[in-house]
Amino acid sequence: MTVAPETLRVDIWSDIICPFCWIGKRQFEIALKDFAGHDQVEVHHHAFRLSPDQPVTPVKDMLQLKYRMTPEQVVQNQARVVQMAASVGLDYHLENTLNGDTLKAHRLIKLAEDHGLAEAMIERLYRANFTEEQSLFDDAMLVALAAEVGLEAEAVTAFLKTDRYADTVREEQEFITARGAQGVPFFVLNNRYALSGAQPPEAFAQALESAWKDIAPQSAEGEACGPDGCAI
């Protein structure tokens with residue numbers, strides 16, 4: 001009799017303009033790579049908009065206004081994030097990044113998911129935003145990025161003019177905020193273990209092991225007889 005392997009489900013809520021979300025994703029992936037059951041982990045990405053219905057503004061202006069940072073503090077803060085990103089192999093350039101409502105970008109990820117390209121789309125959007133300082137609030141840019149990962153440009157252009165998946169994006173955020181999530185990245189393993197923020201790989205590794213113990217069959221060996229009989 002063949003027994004189907006158990007699956008460990010990981011749900012990740014993030015926003016494509018959150019610098020800690022890409023860092024947290026990499027830290028999780030570092031832990032996952034060394035996890036013995038990595039082939040049986042199923043990852044699902046969900047939308048979370050940090051600035052719903054907000055106009056597009058430079059991040060440095062947003063930081064000064066929202067968090068009352070001085071220009072010098074903004075530079076210091078971004079330098080710290082750049083260093084943190086570099087520690088997991090990410091090349092951040094934050095001086096000209098933008099803040100705003102990422103509804104269209106999240107909708108595009110959902111469209112990519114229909115074609116099995118969600119992971120590629122997420123990575124491309126992150127790199128465009130944090131490494132290349134491209135605007136994720138420009139339709140032409142979103143179309144170009146989508147085409148790079150394999151989506152048809154004309155179809156994406158038409159898609160962005162609709163509101164398809166807008167309700168899905170909102171519902172995903174409402175689901176997790178109703179359960180206490182205050183920000184992103186936010187990770188949930190097997191609907192039981194939650195981790196908030198860009199945790200170090202060790203924290204993800206521990207959570208993976210704990211979640212795995214809940215679903216992996218436990219066995220103990222005792223005296224038994226085999227095909228050649230009993231050793232008595």
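Round to the nearest 10 and give me the degree value, 0 to 90, for the angle of helix 139-148's Cα axis relative to the longest principal axis of the chain.
40
Tell me, what ³J(HN,Hα) does each residue in the range 97-103 have, in order and in whole Hz, if you take phi through Karplus 6.51 cos²θ - 1.76 cosθ + 1.60 with θ = phi - 60° and put x for Gly and Pro?
So the Karplus estimates, Gly and Pro as x, are 6, 10, 10, x, 7, 9, 4 Hz.
Pick from ARG127, ARG80, ARG170 the residue whose mean-square fluctuation is largest in a GNM of the chain, springs joining Cα atoms under 10 Å.
Taking springs between Cα atoms under 10 Å, the residue moving most is ARG80.
Place a +1 charge on the Cβ of each Lys and Arg in the range 27-149 and a -1 charge on the Cβ of each Asp and Glu, then give the dipole magnitude about the Cα centre in debye, rounded to the nearest 20.
Once rounded to the nearest 20, the dipole reads 440 debye.
Using a 10 angstrom cutoff on alpha carbons, build the Gaussian network for the chain and name the most mobile of LYS33, LYS66, LYS110.
LYS66
Run the numbers on the range 34-174 and let me know its relative contact order in percent, using alpha-carbon pairs under 8 Å that are six or more apart.
Relative CO of the range 34-174 lands at 28 percent.
Towards the positive end of the charge dipole of the chain, with charges on Cβ (+1 Lys, Arg; -1 Asp, Glu), say which of LEU98, ASN129, HIS46 has the farthest Cα.
LEU98
Which of rounded, prolate or oblate describes the range 27-97 when judged by the alpha-carbon gyration tensor and an a/c cut-off of 1.5?
Here the range 27-97 falls in the oblate category.
How high is the FRET efficiency between ALA166 and VAL56 when r is their beta carbon distance and R₀ equals 22 Å, given to the nearest 0.05?
About 0.80, to the nearest 0.05.
Take the chain, connect every pair of alpha-carbon atoms lying under 10 Å apart with a spring to form a Gaussian network, then pick out the residue of ILE109, ILE122, ILE176 with the largest mean-square fluctuation.
Result for the chain, Cα springs under 10 Å: ILE176 fluctuates most.
Based on Cα coordinates alone, diagonalise the gyration tensor for the chain, multiply each eigenvalue by 5, take square roots, and list the semi-axes in whole Å, largest first.
Its equivalent ellipsoid spans semi-axes of 39, 22, 16 Å.
Throughout, read-outs are computed from the coordinates displayed, never taken from laboratory work. All figures in this text were calculated on a predicted structure; none of them were measured in a lab. In this analysis, Cβ positions are derived from the backbone assuming ideal geometry, glycine residues included, and neighbour counts consider all displayed protein chains.
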